[in-house]
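First comes the structure, then the notes that go with it.
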Amino acid sequence: MSQTTSATPDTMDRPLLGIALMLGFCAVIPLGDAVAKILSTRIPVGQIVFVRFAAQGIILAPVALMLGISLRLPARIMPIVLLRTVLQMAGITAMFMALRFLPLADAVAIAFVMPFIMLLLGKYVLKEEVGLRRLAACVVGFCGTLLVIQPSFAEVGLNACWPLAVALIFSLFMMVTRRIARETDPIAIQAVSGGIACGLMAVLFLLGRVFEVAELDITLPARPEINLLLLAGVLGTIAHLMMTWSLRYAPTSTLASMQYLEIPMAVLVGWLFFAELPNAMAACGILLTMAAGLYAVMRERKVSRAARLSAAQQAQSAATGLPASPE
């Protein structure tokens, strides 16, 4: 799950490349989650989060410089960038905790309640127009999420709610990202966020030592764990870079529904790596969540298309002095 930006006019003529990059994201991100799941039972989650953001900064800073993207962000948006970084850190930490306790596919499927939370936040916080059909899709999608949670809750208790925390945190993350998305390049934001996160994690490690927080312990991993840490950082960064670039080559409306391919990919990776398969109730919940999400995406696309058509007609009417067509 990553920030959304609009494709620019000079890059929207390569939709197949955008689709290929989104497919790459859907394939790579579950692999990164699988590596994080292995690590979450071996070393403190704080160290995994630190390496994840360190890799993000180390990889994306040179990419930004090679592309001529300035890493100096406007001072007026730095408080928002800081808040965004904290939310991203919290969301990734919650996801790593979820992977420790839940099957990979279940954790990913539950976290996909995020689009529905964003719709509700848009309606009740941002006062955006949201129709009854999309609200109904939210209800159906959340019911599907409950079906996925129920078997896991019976086994691991409240730890089954970690993916819900992921969804809520990343919904807030997306709202904050909207505030600054048009003012700077997403690669620059991610690179700078990587550096900020490393600094914040250093402070948290000190606090963890003082207050004896187990997940903030600093341990010396063995060579296999070091290799897995580096792999998790690289996979996570590459996946989100592919997501960023896919949105530069194809419009969001084309790619939004494809993000749900991440769920079946997570099922496949979970089966290959951990011999995990959702039980009947969880499988029904996953299908219900995907169906509701796809409906919400299609409905959003239809509403956006109607809004663009109305705006074009009004512009034509203003230019010609004739009333807009009622069609």
Original post:
Hey, does region 105-125 have a residue that's open to solvent by 20 Å² or more (accessible area, probe 1.4 Å) and of a type in the set (D, E, K, R)?
Top reply: yes
**OP:** Please list, ordered by first then second residue, the pairs with beta carbon atoms under 9 Å, 6 or more apart or interchain, first in region 210-238 and of a type outside the set (D, E), second open to solvent by 70 Å² or more (accessible area, probe 1.4 Å) and in a loop (DSSP other than H, G, I, E, B).
**Re:** P221/R42; A222/R42; P224/R42; L228/R42
**OP:** List every residue pair whose Cβ atoms sit under 7 Å apart, with the two residues 6 or more apart in sequence or on different chains, where the first one lies in region 180-204 and is touching a residue at least 40 places away in the same chain (Cβ under 8 Å) and the second, anywhere, is among the hydroxyl-bearing types (S, T, Y) and part of a helix (DSSP H, G or I).
**Re:** P186/T244; I187/T244; S193/T85; I196/T85; A197/T85
**OP:** Tell me, yes or no, whether region 5-27 has at least one residue that is crowded, with 20+ Cβ neighbours inside 10 Å, out of contact with any Lys or Arg (no Cβ under 9 Å at 6 or more places or on another chain) and either at pLDDT 95 or above or outside any helix (DSSP H, G or I) (or both).
**Re:** no
**OP:** Please state which of the following conditions S253 fails to meet, knowing it meets all the rest: (1) within 22 Å of the chain's Cα centre (by Cα); (2) at pLDDT 70 or above; (3) among the small types (G, A, S).
**Re:** (2)
**OP:** Answer yes if at least one residue in region 147-162 is surrounded by 19 or more Cβ atoms within 10 Å (Cβ to Cβ), polar (S, T, N, Q) and under 25 Å from G122 (Cα atoms), and no otherwise.
**Re:** no
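Just for region 163-178: of the residues that are open to solvent by less than 10 Å² (accessible area, probe 1.4 Å) and under 20 Å from S40 (Cβ atoms), which one is farthest from the chain's Cα centre (by Cα)? I'd like the intermediate steps shown before the answer.
Taking region 163-178 first, the residues open to solvent by less than 10 Å² (accessible area, probe 1.4 Å) are 163, 166-167, 171, 173, 177.
When the remaining residues are screened for being under 20 Å from S40 (Cβ atoms), the result is 163, 166-167.
Numbers: P163: 12, V166: 9, A167: 9 Å.
This residue is P163.
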**OP:** Starting from residues that are within 24 Å of D185 (Cβ to Cβ) and among the aromatic types (F, W, Y), keep the ones in region 217-270 and report whichever is least open to solvent (accessible area, probe 1.4 Å).
**Re:** Y249
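A quick yes/no check of all residues on (1) in contact with a Cys (Cβ under 7 Å, 6 or more places away or on another chain); (2) over 17 Å from W245 (Cβ atoms); (3) free of Cβ contacts under 8 Å to residues at least 12 places away in the same chain; (4) not hydrophobic (A, V, I, L, M, F, W, C):
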| residue | (1), (2), (3), (4) |
| --- | --- |
| I19 | no, no, no, no |
| L23 | no, no, no, no |
| D33 | no, yes, no, yes |
| L39 | no, yes, no, no |
| V45 | no, yes, no, no |
| P62 | no, no, yes, yes |
| G68 | no, no, yes, yes |
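The values are calculated or read from the model by the stated rules, or taken from the named source; none is laboratory data. What you see is a predicted model; the values in this text were computed from it and never measured. When we count neighbours, we look across all protein chains shown, and the Cβ atoms used for this are built from the backbone with ideal geometry, even at glycine. With ligands, DNA and RNA removed, areas are computed over all heavy atoms of the protein, side chains included. Shrake-Rupley method; radii C 1.70, N 1.55, O 1.52, S 1.80 Å.
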